[in-house]
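Inspection log for the structure reproduced underneath, given as structure tokens.
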Amino acid sequence: MDSCIFCKIVVGEIPSYKVFEDENFLAFLDITPKKEGHTLVIPKKHYRWVWDVKENYSVTTNKVANALKKAFDTDWVVSFVMGEEVHHAHIHLVPRQRDDGHGSLINVDSKVEINKEEMLEIAQKIRDSF
Ligand code: AMP
């Protein structure tokens, strides 16, 4: 899909803070993170919804979630699907801490400010946790 921003990330036309890649999937940091480590896992092939994806999504998503657990020293990684803003299937993964200010549900309207240098460091920390 020519106009799809995530397809452009897949082919490297748009930069991303990449944390994991395999044959069929890519994971990178969300640019408006709801928390440090907020990651998106996408299929490389364009699908509109996660429910359309034919390849084995859960194996890769589990792998990324386990890396987030290790990187952020937590057992608690929430996942959610919205898909309103970007029409390319993606699963949000957010590592949580009990005192992170979100309560039991993640506040989907929240956003934390993280500068580019910190984003690079976070992506590296996650890559080192596989
Ligand atoms: P939604 O489609 O509502 O699930 O949200 C799309 C998510 O993609 C939002 O959290 C955005 O911050 C994120 N996003 C949009 N463009 C980019 C990008 N170029 N790199 C990383 N994340 C992005």
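Tabulated data
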item	result
For Ser104, solvent-accessible area (1.4 Å; no DNA, RNA or ligand), Å²	100 Å²
Largest to smallest principal axis extent of the C-alpha atoms in region 68-130, angstrom	31, 27, 23
Förster-model FRET efficiency, 25 Å R0, Ser3 and Lys111, C-beta, rounded to 0.05	0.50
Paramagnetic reach from Asp128 in region 66-83 [backbone N under 18 Å; point 7 Å along Cα→Cβ]	66-74
Net dipole in debye of region 5-127 [+1 Lys, Arg Cβ; -1 Asp, Glu Cβ; about Cα centre; nearest 20]	260 debye
Angle in degrees between helix 116-127 and the longest Cα principal axis of the chain, rounded to the nearest 10	80 degrees
Per-residue HN-Hα couplings for region 40-50 [Karplus 6.51, -1.76, 1.60; θ = phi - 60°; Hz; x = Gly/Pro]	10, 10, 10, x, 5, 6, 6, 10, 5, 10, 4
Helix axis angle, 57-71 relative to the chain longest principal axis, alpha carbon, degrees	30 degrees
Surface share of carbon and sulfur [accessible, 1.4 angstrom probe, percent] for region 5-127	50 percent
Sorted peptide list for 86-97, 44-55, criterion being average Cβ within 10 angstrom, highest first	86-97, 44-55
For the chain: accessible area per residue (Å², 1.4 Å)	58 Å²
Compactness of region 1-66, expressed as Rg and Dmax over alpha-carbon positions, Å	11.6, 32
Among Cys4, Ala71, Phe28 - extreme Cα towards positive end, dipole of region 1-104, charges at beta-carbon	Ala71
Linear extension gain, Asn66 paired with Val81, 0.36 nm per residue minus alpha-carbon span	3.6 nm
Accessible-area order (highest first, 1.4 angstrom probe) of the listed residues Met119, Met82	Met82, Met119
Convex hull (Cα only) mean projected area of the chain, reported in nm² to one decimal	7.7 nm²
Heavy atoms of Asp22: accessible area, 1.4 Å probe, square angstrom to 10	50 Å²
Cα pair distances of region 35-88 binned at 10 Å [whole percent]	21, 51, 26, 2
Derived scalar couplings ³J(HN,Hα) [region 24-37; Karplus, 6.51 cos²θ - 1.76 cosθ + 1.60; whole Hz; x for Gly, Pro]	10, 9, 9, 10, 8, 6, 5, 6, 10, x, 7, 6, 3, x
Largest-first ordering by accessible area, 1.4 Å probe, given options Arg98, Arg127	Arg98, Arg127
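The values are calculated or read from the model by the stated rules, or taken from the named source; none is laboratory data. Everything numeric here is computed off the predicted structure, so don't read it as measured data. No Cβ is skipped: glycine too gets one built from the backbone with ideal geometry, and neighbour counts run over all protein chains shown. What goes into the accessible areas is simple: the full protein's heavy atoms, side chains included, and nothing from ligands, DNA or RNA. Shrake-Rupley method; radii C 1.70, N 1.55, O 1.52, S 1.80 Å.
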